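Input: a single structure, listed below in structure tokens.
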Amino acid sequence: MRYAARMIFEYRSDSDTRKRRTCEARIVVIEAPSAATALRKAKAEGRRGRIQYKNADDQVVKIAFVGLADLIALDPVCEANEVWYSVFTSLNPSALTRGDTELAVFREVPSAIGTAVRFAPRFNRSTGTAPKRRA
């Protein structure tokens, strides 16, 4: 059975003293025979998502797994290509949508990326490698 886990991660750097933290909501699909197994697998996946690296300013950046915001069963309600759903009420549903050119994939610098520049990793130029995930 397929489940979707909405994970929350927090980004911190050595010099970041702001109260409002830069966060990431990440949705992953989990294959599991039961909700309890999906929960265990989702938490393990979140822990594997923790990384630490040096940014372009030579400061240590830590991405920490905060926890799960939600875990939903995708089967049998969803189609094979669906990875998340949410049912809610709204006075103006069209206000929740964006024009084509406003979608992140079509922006020169997506807004989510633009707010997190201080967390950009320092890549090893000689090898072209990115930071590794911690085990």
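The values are calculated or read from the model by the stated rules, or taken from the named source; none is laboratory data. All values reported here derive from a predicted model rather than from experimental measurement. Because the Cβ atoms are built from the backbone with ideal geometry, glycine has one as well, and the counts that use them run over all protein chains shown.
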### Query
Which of the residues belonging to the stretch 80-106 are under 26 Å from Ala4 (Cα atoms), in a loop (DSSP other than H, G, I, E, B) and not charged (D, E, K, R)?
Ala80, Asn81, Val83, Trp84, Tyr85, Ser86, Val87, Phe88, Thr89, Ser90, Thr97, Leu103
### Message
Suppose we keep only residues that are closer than 29 Å to Gln59 by Cα and of a type in the set (Lys, Arg) within the stretch 1-33. Which one would you say is nearest to the chain's Cα centre (by Cα)?
### Response
Arg26
### Message
Quick check on my filter: what residues within the stretch 6-37 are of a type in the set (Gly, Ala, Ser) and touching a Lys or Arg at 6+ places or on another chain (Cβ under 9 Å)?
### Response
Ser13, Ser15, Ala25, Ala32
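Table: residues versus (1) aromatic (Phe, Trp, Tyr); (2) touching a strand residue (DSSP E or B) at 6+ places or on another chain (Cβ under 8 Å).
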{"site": "Arg2", "(1), (2)": "no, yes"}
{"site": "Tyr11", "(1), (2)": "yes, yes"}
{"site": "Arg18", "(1), (2)": "no, no"}
{"site": "Arg26", "(1), (2)": "no, yes"}
{"site": "Lys41", "(1), (2)": "no, yes"}
{"site": "Arg50", "(1), (2)": "no, yes"}
{"site": "Glu79", "(1), (2)": "no, no"}
{"site": "Ser86", "(1), (2)": "no, no"}
{"site": "Ser90", "(1), (2)": "no, no"}
### Query
Right, Leu74: modelled with pLDDT of 90 or more and surrounded by 14 or more Cβ atoms within 10 Å (Cβ to Cβ) or not?
yes
### Query
Is it fair to say Val105 is under 25 Å from Ala35 (Cβ atoms), at pLDDT below 90 and either over 19 Å from the mean Cα position of the chain (by Cα) or of a type outside the set (Lys, Arg) (or both)?
no
